[in-house]
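Asker: Below is the structure I would like to discuss, written out as structure tokens.
The values are calculated or read from the model by the stated rules, or taken from the named source; none is laboratory data. None of these values were measured; they are calculated from a predicted model. We place every Cβ from the backbone using ideal geometry, glycine too, and count neighbours over all the protein chains shown. Keep in mind that these areas ignore ligands, DNA and RNA; they rest on the heavy atoms of the full protein, side chains included. Shrake-Rupley method; radii C 1.70, N 1.55, O 1.52, S 1.80 Å.
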Amino acid sequence: PSAEAGLYSPTDQIVILSPDTVDSVLFNSSSALVVEFYASWCGHCVAFSPVWKSLAEDVKEWKPAVDLAAIDCAEEANRKTCQNFGIRGFPTLKFFHAYSQSGSIGEPLKGFPRDVRSLRRVIIKMLETHEETWPPACPPLEPASKAEIDNFFETNSVEYLALVFENEKSYVGREVTLDLLQYENITVRRVLSTEEGLVSKLGVTEFPSCYLYYTNGNFTRLNVLNEARAFYSYALQRLPGVVRAGKPQPVITDHHKNTTKHEWRQFNRSRVYMSDLESALHYSLRVELSTHATISGQDLRAVKDYISILAKYFPGRPVVKKLLQSVDKWLEERGDSELPYSALKDMLDNTAQVPDAVLPEGVRWVGCQGTQPHFRGYPCSMWMLFHVLTVQAIKSPGTDPLEVLRAMREYVHSFFGCRACASHFEAMAAESMNNVRTLSTAALWLWSRHNRVNNRLAGALSEDPMFPKLQWPPPDLCPQCHGVRSGEHYWMQQEVLAFLRRYFSSDRILLDYLD
Ligand code: FAD
């Protein structure tokens, strides 16, 4: 990254402070803030920045209660601001309570830990030090008593009360409480193992464990793969009737028929459809590329590389493969430095009538259908397409491990219509794509970057309420992909790889809804 850009980018879930914004962000805010004062030249800051980024992703659901920020004190324009906050060394972390007064210099977190889990705990401890100015969006974090729980539904109108039973030292209950704070129709409370009345009433024997308490006084144990934060939060966020604040309730009836022009096509959510992949090809090759009347230079390289990987790896119907291969060959043989789009279009439409070669016209979304026309569709199909291609390439050992990713990067950079997406993707690619050394890690790289995008977009306006963004594959789709070590969720990368290879494999792609 350039010196001006500092160590963080706008896609990091971190508020990047500047002299113009610092007062309005830190003072009189309804949420607490934790600020990293750093210098981009300082080695410890560079080493710490991935931790700060991961932490920000990890606690992004907590934003209304506590948010993370950063300011680059090496930046000339920021120097005075950092001085005003009394910053001497880097990195320095400071906690700003909600409703901090103007002029406050925050509370330094001395000797702060350098790992996500411990930092999360420090943040919880700091949140708990709020007194009369408790951040309004922050739910109660103290343990609940039997008396409170017994009377809960008399004063609360939510559908579910989730109780996390745990030992006093455990943080799981508070973490899950914060993970759910943006969700409606559910309240989460921690209950200590010493709260004997409740423990014996529910027959709790395992700590931690999570129970759902309903309005009618019934309760059930939450069924999860592992008794850990990530699994509780995932399961609770997906209970029927639980929705993210401000999001409409997803409707699962036939209403789509009224809101989309076409009939809703029934599909299996855990499968890949050729119709989506062919639609991606049609849209990118015939619609997106056509915005460039003449293609040259870096853009021409991008088209050639894109079509080349399609010709090699697209696991399509034979007629489609043949078309792609003939276009690829034609492009490679054409020496010209400029390509009029019209010439490419003739090839895509097969005006020369090469036998048995077709690229079907039009889009027909199946697994990428959205409940509204502006949801899903093309970007969904592009992710699918590139996951399929990275997985397909694994079957050709000895090829350049970066071939598919590089072609994707070039295509997105030169042509992908969502320009903000393109610059975000370019930033991720610049950061780590060149570290990829094998075909398998290429597939895993794309999977993990896609999850980063999902993390960032969860709850955004562009999210289809029927298809919430989640860390994929979730435990119900791939139980073996998820592990827990010292209570922390982690991905079993080898299992994820095996899962990707199966999920996106050519022989599992469904041909439904094709002509
Ligand atoms: P998508 O995220 O499109 O995923 C499609 C399908 O892929 C899912 O239904 C699921 O079956 C599967 N899947 C999900 N996660 C993974 C994973 N980690 N690995 C493998 N498969 C997975 N939108 C923005 O608003 N801002 C951006 O910066 C942005 N950047 C983008 C960059 C690229 C390169 C692309 C292709 C798209 C980008 N988008 C961005 C669009 C956004 O990511 C979604 O594609 C879009 O919102 C549609 O979402 P969706 O629900 O269909 O799921």
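Asker: From the residues in region 92-122 that are among the charged types (D, E, K, R) and outside any helix (DSSP H, G or I), which one is surrounded by the fewest Cβ atoms within 10 Å (Cβ to Cβ)? Write out each step before concluding.
Answerer: Taking region 92-122 and keeping what is among the charged types (D, E, K, R), we get 94, 107, 110, 114-115, 117, 120-121.
Going one step further and asking which of them are outside any helix (DSSP H, G or I), we end up with 94, 107, 110, 114-115.
On the way: K94: 20, E107: 15, K110: 7, R114: 12, D115: 11.
Selected residue: K110.
Asker: Scan region 314-325 for residues that are in contact with a helix residue (DSSP H, G or I) (Cβ under 7 Å, 6 or more places away or on another chain) and either part of a helix (DSSP H, G or I) or among the polar types (S, T, N, Q) (or both) and report the count.
Answerer: The number of residues fulfilling the criteria is 3.
Asker: Name the residue, out of Y160, Y183, Y99, Y171, that is at pLDDT 95 or above and on the phi > 0 side of the Ramachandran plot.
Answerer: Going through Y160, Y183, Y99, Y171 in turn, the sole match is Y99.
Asker: List the pairs whose first member sits in region 490-515 and is closer than 30 Å to E361 by Cβ, whose second member is open to solvent by 50 Å² or more (accessible area, probe 1.4 Å) and within 13 Å of the ligand (Cβ to nearest atom), and whose Cβ atoms are under 6 Å apart, counting only residues at least 6 apart or on separate chains?
Answerer: Every condition considered, the pairs that remain are L510/R271.
Asker: Taking only pairs six or more apart or across chains, which ones have beta-carbon atoms under 6 Å, a first residue in region 358-377 that is β-branched (V, I, T), and a second residue that is buried (at least 21 other Cβ atoms within 10 Å of the Cβ)?
Answerer: Partner pairs satisfying both residue conditions: V358/L323; V363/S279; V366/Y273; V366/S275; V366/D276.
Asker: Now a separate question. So the check is Cβ under 6 Å with 6+ separation or different chains; which pairs have a first residue in region 106-118 that's on the phi > 0 side of the Ramachandran plot and a second one that's charged (D, E, K, R) and not in a helix (DSSP H, G or I)?
Answerer: Within 6 Å, the pairs are G106/K94.
Asker: Separate question: In the set Q83, Q13, which member is within 24 Å of V453 (Cβ to Cβ) and either among the basic types (K, R) or surrounded by fewer than 22 Cβ atoms within 10 Å (Cβ to Cβ) (or both)?
Answerer: Q13
Asker: With respect to C380, is the statement that it is assigned to a loop (DSSP other than H, G, I, E, B), modelled with pLDDT of 95 or more and within 7 Å of the ligand (Cβ to nearest atom) true?
Answerer: Taking the combined requirement at face value, the residue does not satisfy it.
Asker: Applying the selection to region 208-226, what residues are of a type outside the set (V, I, T), within 19 Å of T177 (Cα to Cα), open to solvent by less than 70 Å² (accessible area, probe 1.4 Å) and assigned to a loop (DSSP other than H, G, I, E, B)?
Answerer: Residues satisfying the conditions are P208, L222, N226.
Asker: Test each condition in (1) over 35 Å from the mean Cα position of the chain (by Cα); (2) more than 17 Å from G241 (Cα to Cα) for P208 and report the one that comes out false.
Answerer: (1)
Asker: Is it the case that G367 is open to solvent by less than 50 Å² (accessible area, probe 1.4 Å) and near the ligand (Cβ under 10 Å from one of its atoms)? Step through it out loud before you land on a result.
Answerer: Details: open to solvent by less than 50 Å² (accessible area, probe 1.4 Å): yes; near the ligand (Cβ under 10 Å from one of its atoms): yes.
Yes: the conditions hold for G367.
Asker: Looking only at region 467-480, which residues are more than 9 Å from the ligand (Cβ to nearest atom), touching a residue at least 60 places away in the same chain (Cβ under 8 Å) and either open to solvent by 50 Å² or more (accessible area, probe 1.4 Å) or more than 17 Å from Y490 (Cβ to Cβ) (or both)?
Answerer: Scanning region 467-480 gives a single hit, P479.
Asker: Based on this model, can you work out whether L497 counts as within 14 Å of the ligand (Cβ to nearest atom) and modelled with pLDDT of 95 or more?
Answerer: yes
Asker: Is it fair to say V436 is touching a residue at least 12 places away in the same chain (Cβ under 8 Å), open to solvent by less than 30 Å² (accessible area, probe 1.4 Å) and either acidic (D, E) or within 13 Å of the ligand (Cβ to nearest atom) (or both)?
Answerer: Taking the combined requirement at face value, the residue does not satisfy it.
Asker: Within region 199-206, can one find any residue that is under 24 Å from K125 (Cβ atoms), of a type in the set (D, E) and assigned to a loop (DSSP other than H, G, I, E, B)?
Answerer: Checked against the condition, which is being under 24 Å from K125 (Cβ atoms), of a type in the set (D, E) and assigned to a loop (DSSP other than H, G, I, E, B), region 199-206 yields no hits at all.
Asker: Looking only at region 383-397, which residues are open to solvent by 10 Å² or more (accessible area, probe 1.4 Å) and either more than 10 Å from the ligand (Cβ to nearest atom) or more than 22 Å from the chain's Cα centre (by Cα) (or both)?
Answerer: Once the filter is applied, which keeps residues that are open to solvent by 10 Å² or more (accessible area, probe 1.4 Å) and either more than 10 Å from the ligand (Cβ to nearest atom) or more than 22 Å from the chain's Cα centre (by Cα) (or both), region 383-397 yields Q392, I394, K395, S396, P397.
Asker: What single numbered condition from (1) in contact with a Pro (Cβ under 6 Å, 6 or more places away or on another chain); (2) open to solvent by 30 Å² or more (accessible area, probe 1.4 Å) fails to hold for E278?
Answerer: (2)
Asker: Going through region 433-478 one residue at a time, which ones are of a type in the set (S, T, N, Q) and at pLDDT 90 or above?
Answerer: Listed by number, the residues that qualify are N434, N435, T438, S440, T441, S448, N451, N454, N455, Q471.
Asker: Kindly provide the set of residues from region 444-458 that are of a type in the set (A, V, I, L, M, F, W, C) and more than 9 Å from the ligand (Cβ to nearest atom), ordered by number.
Answerer: If the condition is that a residue be of a type in the set (A, V, I, L, M, F, W, C) and more than 9 Å from the ligand (Cβ to nearest atom), then L444, W445, A458 are the ones that fit.
Residues are listed down the side, and each one gets a yes or a no for (1) aromatic (F, W, Y); (2) away from the ligand (no atom under 11 Å from the Cβ); (3) in a helix (DSSP H, G or I); (4) crowded, with 19+ Cβ neighbours inside 10 Å:
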{"residue": "T399", "(1), (2), (3), (4)": "no, yes, no, no"}
{"residue": "A407", "(1), (2), (3), (4)": "no, yes, yes, yes"}
{"residue": "Y411", "(1), (2), (3), (4)": "yes, no, yes, yes"}
{"residue": "A422", "(1), (2), (3), (4)": "no, no, yes, no"}
{"residue": "F425", "(1), (2), (3), (4)": "yes, no, yes, yes"}
{"residue": "A430", "(1), (2), (3), (4)": "no, yes, yes, no"}
